[in-house]
Amino acid sequence: MAAGTPNLPPIYFIRHGQTDWNEQGLIQGTVETDLNATGIRQAQAVASALAHREPLLRGFDFVVSPQQRAQQTMQIICAAQPRDFASVKTEARVRELGFGIWEGKPFWELKDSPIYPADPEGHYEWRPELGESYADGVARVDGFLRGLARPTLIVAHGAVGRCIIGYVCGLPGPDLTHLPTPQGCYCVLENGRYQWFDESHQPQ
C-alpha cells in the first residue's frame, strides 16, 4: 500500500443505503441488489445532510459505482443538491470487491469457515475463489485516486470503501480490513485523515 497520499484533494465517501441482503447478513459483492425501505431512508438522510454542504460540494466532482444500490443512493443525493445525475461519472474501479463463490452466502458461514484467515495480515491478502482480496481492491483504486484532479464525492460500497479510506490515510493493509463503513453517514477524507459524520453532522 502507498505510504500516504498527501496531495489528494478532499474526498467525501458515502456507502450505499441498506439492502435486503445487508439486513439478512448476506454477502453481496458483484451481485446486483436494490435499496430497501431502510436504505432509501438512509440515503435520504445523507442527502439532506449533504444539501447543507451544497455551496462546498458545488465544486466537487461526483463519482459512483456502476452497481445498482450505489446508483440509487447517488440519485437521491443528486436530487437534494440539486445536481443533474447525468453529470455524475460512473467509475468501475469503485465497484464492490468480488467475493467469488461466497456471494449470496451469509457472512457468518464465511467467518466460520476454516479457509477464512483469522489474522489481520492473512485477511488483507486472502482472495476468495473467483473473487478479490483487500490487497486487490487497494491496487484497483490506486490509479483512480491518483487521477483525482478536484475534490470528489464518491458513492460506493463497504469493502471497497475500506480500501479507499485505508489508501488515502496511508494505513497498513491489515489495519484497513475492519474499518467502519456505516450506512446513513458520510465520511470526510482530507489531509490523510478520515472522519465519519451522521445525518446531524455529528462525528461518529
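What follows draws every value from the coordinates through simple rules; no lab data is involved. This is a predicted model, so every value here is computed, not measured. We place every Cβ from the backbone using ideal geometry, glycine too, and count neighbours over all the protein chains shown.
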Most positive-pole-ward Cα, ALA49, CYS169, LEU35, against dipole of the range 11-197 from beta carbon charges:
ALA49
Restricting the count to DSSP beta bridges whose residues both fall in the chain, what percent are antiparallel, rounded to a multiple of 5?
50 percent
With 0.36 nm assigned to each residue of separation and the Cα-Cα distance removed, PHE85 to ASP20 gains 20.9 nm
Length gained, ARG41-GLN204, 0.36 nm per residue minus C-alpha separation, equals 56.8 nm
If you find the alpha carbon centre of the range 7-85 and of the range 126-148, how far apart are they in angstrom?
21 Å
Quote the relative contact order of the chain in percent (integer), defining contacts as alpha-carbon pairs under 8 Å separated by 6+ residues.
35 percent
Given the range 11-197, what whole percent of its Cα pairs are spread farther than 20 Å?
52 percent
Gyration tensor on Cα atoms of the range 1-69, a ≥ b ≥ c root eigenvalues, a/c under 1.5 rounded, else prolate if a/b beats b/c, else oblate, says oblate
